[in-house]
Amino acid sequence: MPSDQIRHVRLSSVVLPLDRPISDAKVLTGRQRPMTEIVFLFAQIATAQDQHGIGFSYSKRAGGPAQYAHAKEIAANLIGEDPSDIGKVYDKLLWAGASVGRSGVATQAIAAIDIALWDLKAKRAGLPLAKLLGAHRDSVRAYNTSGGFLHAPIEEVKERASKSLADGIGGIKIKVGQPDTRIDLDRVRAVREHLGDGVPLMVDANQQWDRPTALRFGRVLEQFDLVWIEEPLDAYDAEGHAELAAALDTPIATGEMVSSVGEHVRLIEARAADIIQPDAPRIGGITPFLKLATLADHHGLQLAPHFAMEIHLHLAAAYPREPWVEHFEWLNPLFNERLETLDGRMLVPDRPGLGFTTTEQCAAWTVDSCEFGTR
């Protein structure tokens with residue numbers, strides 16, 4: 001097929017309301033308010049040969065309007081480019097916004113576009129994205145987080161954990177990190193007793209412990225045979241996480257909150273994690289994610305990407321070491337398709353690209369949009 005050109009780009013800002021306010025340890029320690037919505041930046045790309053791709057980035061709480069504003073400033077640079085030249089296009093967009101750096105909002109805006117280009121490329125090849133990248137497996141171990149938040153009473157947490165397992169999800173993660181660790185201990189014990197010893201269980205402290213608390217409580221948690229302890233410390237405390245990883249038998253997982261490959265490199269070089277948790281929309285898209293995945297594999301790390309299973313299922317399937325993917329049903333109203341879970345694993349769909357299309361409800365939640373090029 002001859003080379004193609006990008007002829008049209010549409011950006012949309014979409015606000016997804018959550019069914020109920022969500023609280024983790026950052027809320028209970030007074031650092032944040034309960035989360036009531038998620039703001040998405042969608043990018044839709046069309047080419048002269050009538051090929052189409054869609055991608056998204058997102059922000060929880062502040063940041064969504066900033067992502068949209070930056071994308072609006074740089075998107076015109078896409079028109080006329082060959083959509084297959086993703087690396088070239090990525091660099092062009094980086095340089096278009098060079099004065100605001102190469103992390104955070106600047107690259108999160110690019111992420112939606114980059115993901116759309118990868119979706120388009122896989123669709124053009126007639127392959128699921130995982131297959132285009134070179135899949136190591138057709139399904140990925142899946143765990144559920146959405147039922148384990150701290151606003152939920154423990155009986156509800158147990159009920160939702162049982163439902164997740166019945167729905168074919170393999171592991172359960174619950175939130176910890178409250179001011180009183182005795183409450184955390186009671187909740188972890190209750191869930192472990194409810195699940196039994198054979199079900200994978202993870203905990204997530206959302207950066208709320210200091211180093212002494214994390215070490216003391218981490219030792220207490222050893223009895224529950226956890227798959228990992230997630231973000232026990234501030235996300236940028238590479239040295240503290242490294243000390244915990246060396247001191248505890250339970251693996252340490254972190255990385256979801258850092259917003260560039262360079263910041264992940266610091267975690268990896270410090271040996272701050274046994275399990276790395278990059279988020280493709282947060283670190284700038286699939287292009288930087290693939291660079292990070294190569295480095296993580298070289299250092300022998302496990303992979304458990306954060307959130308956005310619609311994207312991360314494909315990336316996890318292409319990782320050489322057996323990974324995990326995080327199941328969240330929150331985004332279901334945005335997409336017509338569903339990802340299947342069976343026997344503890346999430347199945348890679350056989351649909352080309354990422355394999356999703358947006359719903360009429362997604363369009364109804366659009367608060368702003370803009371277009372570049374010609375339809």
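We did not get these values from a lab; they are worked out from the coordinates using the rules stated. Since the structure is predicted, the reported quantities are computational estimates derived from the model, not experimental observations. Glycine gets a Cβ as well: all are built from the backbone with ideal geometry, and neighbour counts include every protein chain shown.
5 Å is the cut-off here: which amide hydrogens, built 1.01 Å from N in the peptide plane, fall below it relative to Ser139, excluding neighbours closer than 5 in sequence?
Those lying under 5 Å, H to H, from Ser139 are Val348.
Go through the range 8-93 and name the GluC sites (Glu not before Pro) that are in a DSSP coil and have 13 or fewer other Cβ atoms within 10 Å of their Cβ. Write out the running numbers ahead of the final one.
On the way: sites: Glu37, Glu73, Glu81; in loops: Glu81.
Sites meeting the loop and neighbour criteria: none at all.
Scan the range 235-312 for GluC sites (Glu not before Pro) in coil per DSSP, keeping those whose Cβ has at most 14 other Cβ atoms within 10 Å, and list them by number. Don't jump to the answer; show the numbers that get you there.
Numbers: sites: Glu239, Glu243, Glu256, Glu263, Glu269, Glu310; in loops: Glu256.
In loop regions of the range 235-312 (DSSP not H, G, I, E or B), there are no sparsely surrounded GluC sites (Glu not before Pro).
Taking the structure as given and computing percent of Cα pairs over 40 Å apart, which label from [x] 11; [y] 20; [z] 29 fits?
It is the value labelled [x].
Could you tell me which of Leu129, Thr145, Ala161 has its Cα farthest along the dipole of the range 121-196 towards the positive end, charges placed at Cβ (Lys, Arg +1; Asp, Glu -1), taken about the Cα centre?
Result: Leu129, furthest along the dipole toward the positive end.
Given +1 on the Cβ of Lys and Arg, -1 on the Cβ of Asp and Glu, and no further charges, what dipole in debye does the chain carry about its Cα centre, rounded to the nearest 20?
In debye, rounded to 20, the chain gives about 460.
How much of the DSSP bridge set in the range 130-347 is antiparallel, in percent, rounded to the nearest 5? Numbers along the way, then the final one.
On the way: 5 of 25 bridges.
Here the share of antiparallel DSSP bridges comes out near 20 percent.
Measuring from the lowest to the highest alpha carbon on each principal axis, how far does the range 272-339 reach, largest first, in angstroms?
Taking max minus min along each principal axis of the Cα atoms, the range 272-339 gives 38, 21, 21 Å.
How far apart, in nm, are two points set 7 Å out from the Cα along the Cα-to-Cβ line at Glu73 and at Thr36?
2.9 nm
If you average 1/r over every pair of different alpha-carbon atoms in the range 51-113 and take one over that average, what Kirkwood value in Å do you get?
Computed over Cα pairs of the range 51-113, the Kirkwood hydrodynamic radius comes out at 12.1 Å.
Please grab the % of Cα pairs in the range 130-347 that end up more than 31 Å from each other.
On the way: 3696 of 23653 pairs.
Taking all Cα-Cα pairs of the range 130-347, the fraction more than 31 Å apart is 16 percent.
How are the Cα pair distances of the range 325-375 distributed, in percent, across 10 Å bins from 0?
Taking every Cα pair in the range 325-375, the percentages come to 19, 41, 28, 11, 2.
Within the chain, which whole H helices from DSSP have a Cα span along their axis of at least 24 Å and a mean Kyte-Doolittle hydropathy of -1.0 or more, if any? Spell out each step's value before the answer.
Numbers: long enough: 105-125 (31 Å, 0.64).
For the chain, where a helix must reach 24 Å along its axis and average at least -1.0, the hits are 105-125.
Take the eigenvalues of the Cα gyration tensor for the range 251-307, scale each by 5, and report the square roots as semi-axes in whole Å, largest first. Before the final figure, lay out each step's value.
On the way: eigenvalues 47, 26, 20 Å².
The three semi-axes for the range 251-307 are 15, 11, 10 Å.
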